[in-house]
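Asks: Okay, handing you the structure first.
Read-outs throughout are calculated quantities, based only on the coordinates presented, and are distinct from any laboratory measurement. Owing to the predicted nature of the structure, the values given are computational and were not obtained by experimental measurement. Methodologically, a virtual Cβ is constructed for each residue, glycine included, from the backbone with ideal geometry; neighbour enumeration extends over all protein chains shown.
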Amino acid sequence: MHATSPAALRPQVLALIDEEVANENLRRHMLACEAIMRALAQRLDEDPDEWGLAGLGHDLDAELTEDDASRHGAVAAQKITELGGSAEVAHAVAAHNDLTGVAAASPMDVALIAADQLSGLITAAALIRPDKSLAQVRLKSLRKRYRETAFARGVDRESIARCQELGLDLEEFMSIGLAAMQGIAGELGLE
Ligand SMILES: [Fe+2]
């Protein structure tokens, strides 16, 4: 069976998110990861539609698997496969949760792990501002927030640092992620 083109799958994955994800913040998080993944793919000469799809779909099973964390990612990967998504996208989605036992191997796998955490750091950096706006978040403050381990404790800094495996230093990775999320600030509720 041929994989369906990732651009054609986007509306189907969005419809699935609509069905399976009630939490608005989680939906926004997935959109943020999609934007970061697309921008990373552009920077690294990879396929933005493919990488974007991995970002968009990676947590679509988060509510379905609440009672069994080891299935989180694996169920989403299966659903994306059923829609006709590529094996590479499914692998990245499964590998973003280390409890699935699927190890991150490809650049897309690593990018998703790093983007997942970076989106959390950037969102937290916007929400702590009185205006709750992404537009005024600066790279300099993001760097500072990254080093402040007490800030956004749930964000795994080591996962963010894995951008170096993609040949990107922290500075460039954060800059790409920030610009990508600023580009969809309205959709993220952080305008
Ligand atoms: Fe996530």
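Condition check ((1) in contact with a helix residue (DSSP H, G or I) (Cβ under 7 Å, 6 or more places away or on another chain); (2) among the small types (G, A, S); (3) at positive phi) across all residues:
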{"position": "D68", "(1), (2), (3)": "no, no, no"}
{"position": "A77", "(1), (2), (3)": "yes, yes, no"}
{"position": "A94", "(1), (2), (3)": "yes, yes, no"}
{"position": "L112", "(1), (2), (3)": "yes, no, no"}
{"position": "P130", "(1), (2), (3)": "no, no, no"}
{"position": "K140", "(1), (2), (3)": "no, no, no"}
{"position": "V155", "(1), (2), (3)": "yes, no, no"}
{"position": "A161", "(1), (2), (3)": "yes, yes, no"}
{"position": "L168", "(1), (2), (3)": "no, no, no"}
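Asks: If you don't mind, another one. Select the helices (runs of 4 or more DSSP H) contained entirely in region 69-134, then report the ones holding at least 3 residues which are more than 14 Å from the ligand (Cβ to nearest atom) and touching a Leu at 6+ places or on another chain (Cβ under 8 Å).
Replies: Passing ranges, in order: 74-83, 107-127.
Asks: Restricting attention to region 9-29, report how many residues are of a type in the set (A, V, I, L, M, F, W, C), surrounded by fewer than 23 Cβ atoms within 10 Å (Cβ to Cβ) and in contact (Cβ under 8 Å) with a residue 24 or more places away in the chain.
Replies: Residues flagged as of a type in the set (A, V, I, L, M, F, W, C), surrounded by fewer than 23 Cβ atoms within 10 Å (Cβ to Cβ) and in contact (Cβ under 8 Å) with a residue 24 or more places away in the chain within region 9-29 amount to 6.
Asks: Which residues, counting only those in region 157-191, are in contact with an Asp or Glu (Cβ under 9 Å, 6 or more places away or on another chain) and in a loop (DSSP other than H, G, I, E, B)?
Replies: Those that are in contact with an Asp or Glu (Cβ under 9 Å, 6 or more places away or on another chain) and in a loop (DSSP other than H, G, I, E, B): I184, G189.
Asks: Any residue in region 173-187 that is in contact (Cβ under 8 Å) with a residue 40 or more places away in the chain and closer than 15 Å to A124 by Cα sitting within a Cβ distance under 7 Å of a residue that is of a type in the set (V, I, T) and part of a helix (DSSP H, G or I)? List the pairs, counting only those 6 or more apart or interchain.
Replies: Taking only residues 6 or more apart or on different chains, the pairs are G177/I36; G177/I122; L178/I122; M181/I36; M181/I122.
Asks: In addition: Report yes if some residue within region 26-38 is away from the ligand (no atom under 13 Å from the Cβ), more than 16 Å from D116 (Cα to Cα) and not acidic (D, E); otherwise report no.
Replies: no
Asks: Can I ask one more? Cβ-Cβ under 7 Å, sequence separation 6+ or interchain: first residue in region 123-136 and touching a residue at least 60 places away in the same chain (Cβ under 8 Å), partner β-branched (V, I, T) and in a loop (DSSP other than H, G, I, E, B). Which pairs?
Replies: Within 7 Å, the pairs are A126/V137.
Asks: Turning to a different aspect of this structure: Return only the number of the condition from (1) over 28 Å from Q164 (Cβ atoms); (2) assigned to a helix (DSSP H, G or I) that G52 does not satisfy.
Replies: Here G52 clears every test but (1).
Asks: Among the residues of region 147-191, write down those that are β-branched (V, I, T) and surrounded by 14 or more Cβ atoms within 10 Å (Cβ to Cβ).
Replies: Within region 147-191, V155, I160, I176, I184 meet the criteria.
Asks: Now a separate question. Between a first residue in region 95-112 that is among the small types (G, A, S) and a second residue that is part of a loop (DSSP other than H, G, I, E, B), which pairs have beta carbons less than 6 Å apart while being 6 or more apart in sequence or on different chains?
Replies: Every condition considered, the pairs that remain are A95/V102; A95/A104.
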